[in-house]
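Since every read-out is calculated from the coordinates, none of them should be taken as a lab result. All of these numbers come straight from a predicted model, not from anything done at the bench. Glycine also receives a Cβ, built like all others from the backbone with ideal geometry; neighbour counts cover every protein chain displayed.
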Amino acid sequence: MWNENSVSVVLMTYAERDSIRGVIEGFFATGVVDEVLVIDNNAQPGTAEEVGRTPARLVQEPRQGYGHATRRGLAESRGDLVVLAEPDGTFRPQDIMKLLVYSDECDAVLGTRTTRELIWAGANMAFFLRWGNWAVAKLIEAVFNTSHLSDVGCTYRLLRRELADHVAANMTVGGSHAGAEIMLLTIASGARFVEVPVNYLPRVGVSSVTGRPVLAVAVGLRMMLLVLRFRRRGPRPRAAPPTALDVARSSLREEP
């Protein structure tokens, strides 16, 4: 629970059997997470058994793909605040606090893995991936005249319930470039958002996408085409200024 809001963490899993239990336990250990929802996207044998040793809830999504699994997770989650993350050990559960702090003023809080000081030794964020994610994010920033963006592919994100429902209802991408669509749907909705740096650690195991350079390039190109397609819909609406309720929420947090 965070400021009277229930918190759900959604983990989409395919090849994370060896790390998922520790990640789930790490999120519950923060003391602010009410629900961890695991979306089994045709995961490795033994994954369900690892999840079953934790209090997490398991949901099956047979349609293969990051986008399909994410859409299912957003729709099935129950929290007022929905946090998307990875079960592969690349994110620190404790960094959820960074996202929650800004949730009082914003509809979405987007993580970024491109802050050099927070990229751990051995993390899969070499020059190509780091600057590729930065370049597509800057394309979105320029095309839609948004606030600062530096990482289009970071899964670690928080969406308030209304925005999570909106994104789930309007997602069309089922594949690995769905992360860009979530960002674009957020921007196109006029939601207030902010980007914050998060730690990025070495992955347990090998990624099915970023571990293969050719696939990573293909995903990047699809993201760029998606940005241009969204641009044809017209300019984004301006984000609404803070309301009296937002100010009240901030005041409550500042009281001793």
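Inside the range 15-58, can you point out the residues that are closer than 17 Å to T155 by Cα and under 16 Å from the mean Cα position of the chain (by Cα)? Within the range 15-58, V23, I24, F27, V36, L37, V38, I39 meet the criteria.
Can you confirm whether E105 is among the charged types (D, E, K, R) and in contact (Cβ under 8 Å) with a residue 12 or more places away in the chain? Against the criterion (among the charged types (D, E, K, R) and in contact (Cβ under 8 Å) with a residue 12 or more places away in the chain), E105 qualifies.
Does any residue of the range 114-136 turn out to be surrounded by fewer than 20 Cβ atoms within 10 Å (Cβ to Cβ), in contact with a helix residue (DSSP H, G or I) (Cβ under 7 Å, 6 or more places away or on another chain) and under 19 Å from T186 (Cα atoms)? No, the range 114-136 has no match at all. Scanning the range 78-100 for residues that are part of a loop (DSSP other than H, G, I, E, B) and either touching a Phe, Trp or Tyr at 6+ places or on another chain (Cβ under 9 Å) or surrounded by fewer than 24 Cβ atoms within 10 Å (Cβ to Cβ) (or both) yields a count of 8. When A48, A15, A75 are screened for being in contact with a Gly (Cβ under 8 Å, 6 or more places away or on another chain) and either over 21 Å from E181 (Cβ atoms) or in a helix (DSSP H, G or I) (or both), only A15 passes. Just one of the numbered conditions (1) part of a helix (DSSP H, G or I); (2) touching a Gly at 6+ places or on another chain (Cβ under 7 Å); (3) surrounded by fewer than 24 Cβ atoms within 10 Å (Cβ to Cβ) is not true of R63: (1). State yes or no: is V9 within 29 Å of T115 (Cα to Cα), not small (G, A, S) and not in a helix (DSSP H, G or I)? Here the answer is yes, as V9 does meet what is asked. Within the range 155-178, if we keep just the residues that are more than 16 Å from V227 (Cβ to Cβ) and hydrophobic (A, V, I, L, M, F, W, C), the residue that is surrounded by the fewest Cβ atoms within 10 Å (Cβ to Cβ) turns out to be A169. A residue that is more than 19 Å from F193 (Cβ to Cβ) and polar (S, T, N, Q) occurs nowhere in the range 151-169. Taking the condition surrounded by 23 or more Cβ atoms within 10 Å (Cβ to Cβ) and charged (D, E, K, R), does E16 pass? So E16 fits the description; yes.
Counting only helices (runs of 4 or more DSSP H) that sit completely within the range 123-222, those holding 3 or more residues that are without any contact (Cβ under 8 Å) to a residue 12 or more places away in the chain correspond to 127-144. Going by what's in this entry, would L99 be described as under 14 Å from the mean Cα position of the chain (by Cα) and closer than 23 Å to T172 by Cα? Here the answer is no, as L99 does not meet what is asked.
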